[in-house]
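Encoded as structure tokens, the structure appears first; notes follow it.
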Amino acid sequence: MTVLLSDSSTVLLTAKTKVIFKRVFDKDKRDVYLSGEATYKVVKNKHWPFTVYAGNFSTTALGTSFKITAFQNSNKTVIRLFTGKVVVRQLNMINGQKHPAVYLDPGYMAEASNSTNDIKIFGFKVNNKEAVKSNVEAFDNDLIVFKNQALSGVVNTLKKAYHVDIVADPNDITNRYFTGTVNSKSETLYAVLSTIARLNNLKVIKQNEIYKLTAVKM
């Protein structure tokens, strides 16, 4: 169902989702509390921040569209940004530490652990249904955009996009990054991995249906 908020922003709720908000927002803030999954389309007002509290994280936007998944029985909060910009902040310290604020650009998602200080950033594909609902025009169903993404995140995203196993020794891909666009429909995974490997002094090995990224030994 779709909920219309007092500022004319909308919230599209999935099943088993609960949102809590004031019937009329405060003059200096727009706060919403989420348990479950919802897509937000926020009316722009740079002087009136819109913040969603979910899990151990808050997501603040001035005017944008995004989706948050944070079910009570899950240990993670996932934020997907379709348009605009948001900032994700950890609410409570864990082991005396708090993760620095994370800013997302369109086409990126943050996967945040509610029990540790870990936040991972991935490029993602926007499916056609979400694109229509969020007025996303820059991304299609097969396009993945990476912007200075750690290779561990790139590998995880490509595994899901191509539905294959990709393995890499963490020591071989630590402090290595990739910026680029991948079309999972028109580009083979081997070609994509070969490009990433050349840029990071790695090599690609394919054994049966498993791809392996490994460091080039000097």
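Residues in the range 198-214 that are modelled with pLDDT under 90 and more than 17 Å from Val164 (Cβ to Cβ) were compared, and the one that is least open to solvent (accessible area, probe 1.4 Å) is Asn200. Of the residues contained in the range 181-200, one or more are found to be basic (Lys, Arg) and more than 25 Å from Asp105 (Cβ to Cβ).
Scanning for something buried (at least 21 other Cβ atoms within 10 Å of the Cβ) and in contact with a Ser or Thr (Cβ under 9 Å, 6 or more places away or on another chain), does the range 15-28 turn up at least one residue? Looking through the range 15-28, none of the residues is buried (at least 21 other Cβ atoms within 10 Å of the Cβ) and in contact with a Ser or Thr (Cβ under 9 Å, 6 or more places away or on another chain). Residues that are within 14 Å of Leu104 (Cβ to Cβ) and surrounded by fewer than 21 Cβ atoms within 10 Å (Cβ to Cβ) within the range 84-93 comprise Gly84, Lys85, Val87, Arg89, listed in sequence order. All conditions in (1) outside any loop (DSSP other than H, G, I, E, B); (2) within 27 Å of Asn117 (Cβ to Cβ) hold for His99, with the sole exception of (1). For Trp48, the criteria (1) in contact with a helix residue (DSSP H, G or I) (Cβ under 9 Å, 6 or more places away or on another chain); (2) among the aromatic types (Phe, Trp, Tyr); (3) assigned to a loop (DSSP other than H, G, I, E, B) hold in every case but one, which is (1). The residues of the range 175-197 that are loosely packed, with under 12 Cβ neighbours inside 10 Å and either of a type in the set (Lys, Arg) or in contact with a helix residue (DSSP H, G or I) (Cβ under 8 Å, 6 or more places away or on another chain) (or both) amount to a single one, Lys185.
Conditions tested, residue by residue: (1) in contact (Cβ under 8 Å) with a residue 12 or more places away in the chain; (2) assigned to a loop (DSSP other than H, G, I, E, B).
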position: Val145; (1), (2): yes, no
position: Asn156; (1), (2): yes, no
position: Lys160; (1), (2): no, no
position: Val167; (1), (2): yes, no
position: Asp172; (1), (2): yes, no
position: Val182; (1), (2): yes, no
position: Ser186; (1), (2): yes, yes
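The values are calculated or read from the model by the stated rules, or taken from the named source; none is laboratory data. No experiment lies behind these values; they were computed from the predicted model shown. Here the Cβ is made from the backbone with ideal geometry for all residues, glycine too, and neighbour counts use every protein chain on show. Accessible surface areas use protein heavy atoms only, side chains included; no ligands, DNA or RNA. Shrake-Rupley method; radii C 1.70, N 1.55, O 1.52, S 1.80 Å.
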